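Right, one structure below, let's go through it.
No lab work stands behind these numbers, since they all come straight from the coordinates. Keep in mind that what you see is a predicted model, and the values were worked out from it rather than measured. A quick note on method: Cβ atoms are made from the backbone with ideal geometry, for glycine too, and the neighbour counts reach across all protein chains shown.
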C-alpha cells in the first residue's frame, strides 16, 4: 500500500514540479512579488488546513485566498509558491504529530493551481474586472478538473474508494469551492490588502471547523465507549448485557420465522485450580485463548458471551438442539489442551420466556458437572 501511494504521488509530483519550476523561467511579469503576496500566501496556507468534515470527505475555504493570489502575485510564481507553502505547512504538522487529511504530498495537492494560471497567462495577466467573468469561469472549471483527476485516481486506485461514494463526497467539496470563489473575487476586485476583509470570516470558519471536529471526536469516543459497554474487556467476547439484548432480538426473530433457537451455557472445568496453580495472568491468558479459539469456529450469526468468571454462553440462531450439540462438539475440538469444559444446551420452545430456556440450559450445565464434567447435557 505504501509503495502504491508513493508511485501514484510521483505520477502527479514530477510533472507538477517540472511545470511549476519552468513557469518562472519562461519570461517576465508586469507584477512584482510584495509583502502583500507573502501575507496572502500565509493566509492561503492557514485556510487550506481548515478542513471542515463533510460526510466521508473534507472541504477547505482555500478559494478565499487563492482567487486574490491569482490577481496579486506574479502568475508564473503562483504554483511553486503554493506548493512550497503547502509543503512547509505539511512538514510543520508532521513534526507536531498533527492529523493530516489532505493529499499526503503537498506538491501533488498543488497541481490544481497550474491550469487556471495558464489560462490567465494566456489572457495577458490582466487585472481583475467583473466583465471578464467568462474567463474566470473557464479558469475555475480548469482548476476543478485539475484537482478532480488526481483526487479520483488517488482515492479510487490507491484507497479503493467506490466511485458512487467519491461522487457524493467530491460534489460537496467542489460545491464549497464554488460558494467561496465569489467572495475571493470580491477581495480581488478591491485591490491589494482587500483580502484582509475576509479574515473575520476566516475566524468564524476556524471556530466552526474546531466545533465540528470536536463533535466528531466526541461521537467517536461515545461509540467506542458504547462498544466497550457491550464486550468483555479481557476476552473481547460479548458481555452479559450484550447477551441479554441479542437474546431478545433472536427470540423475536425466531417467533416471526418459526426457526429454532438454541442457547448453550458453558463452564470451564477446574478453572480455579488452574488459576491457583499457574497464577492469575496465566488464567487470564487461558480465558483469552479459549474465547479466541471458540470464536474462530462459530458461524457469523452466532454470539459468544462471557457471563462472568469462567462461564460463557452461546446464542445459536436457526439451530436445533442437535445442531447445537454439533457446535459444542466442535468447540471441544479446538479448546486449549490444558482445560476442558462442561455444557448445558436448551432449545427455546416457542412460547416460554426466553430466560426460561437459559435457566434450563443452566440446569443442564450443572447436570453435566455432576456427571463428571467434560461433557454436555441437552434439555428438551
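Could you work out the mean projected area of the convex hull around the alpha carbons of the range 240-378, in square nanometres to one decimal? Walk me through the numbers before you get to the answer.
Numbers: hull surface 31.1 nm².
Taking a quarter of the hull surface, the average projection is 7.8 nm².
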Check your understanding: To the nearest 0.05, what FRET efficiency results for residue 42 and residue 190 with a Förster distance of 25 Å applied to their C-beta separation?
Key -> 0.85
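Extension gain residue 249-residue 233, at 0.36 nm per residue separation less the Cα-Cα distance, in nm?
On the way: separation 16, 0.36 × 16 = 5.76 nm, distance 2.32 nm.
Contour length minus Cα-Cα distance gives 3.4 nm.
How do the peptides 358-368, 170-180 rank, highest first, by the average count of neighbouring beta carbon atoms within 10 Å per residue? List each step's numbers first, then the result.
Values: 358-368: 20.0, 170-180: 16.4.
The most tightly packed comes first, giving 358-368, 170-180.
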Review point. So how far, in whole Å, is the C-alpha centre of the range 319-380 from the one of the range 21-83?
Key: 69
**Study point:** Virtual paramagnetic centre 7 Å along Cα→Cβ of residue 259, amide N under 17 Å, in the range 286-321
**Key:** 298-304, 314-321
Exercise for review: Starting with the highest mean, order 258-269, 236-247 by the number of other Cβ atoms within 10 Å, averaged over the residues of each peptide.
Suggested key: 258-269, 236-247
Point to revise | Label-point separation in nm, residue 370 to residue 14, each point 7 Å along Cα→Cβ | key: 7.9
Check your understanding: Could you give the length gained on full extension between residue 276 and residue 215, defined as 0.36 nm per residue of separation minus the Cα-Cα distance, in nm?
Key -> 17.2 nm
Revision key, fill the gap. Label model pair residue 241, residue 208: point-to-point distance (7 angstrom along the Cα→beta-carbon line) in nm is 3.7
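Can you give the FRET efficiency for residue 296 and residue 351, using 1/(1 + (r/R0)^6), R0 = 45 Å, r = Cβ-Cβ distance, to the nearest 0.05?
Values: r = 35 Å, r/R0 = 0.77.
Rounded to the nearest 0.05, the efficiency is 0.85.
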Revision key, fill the gap. In nanometres, the difference between 0.36 nm per residue of separation and the alpha-carbon distance of residue 32 and residue 323 is 96.6 nm
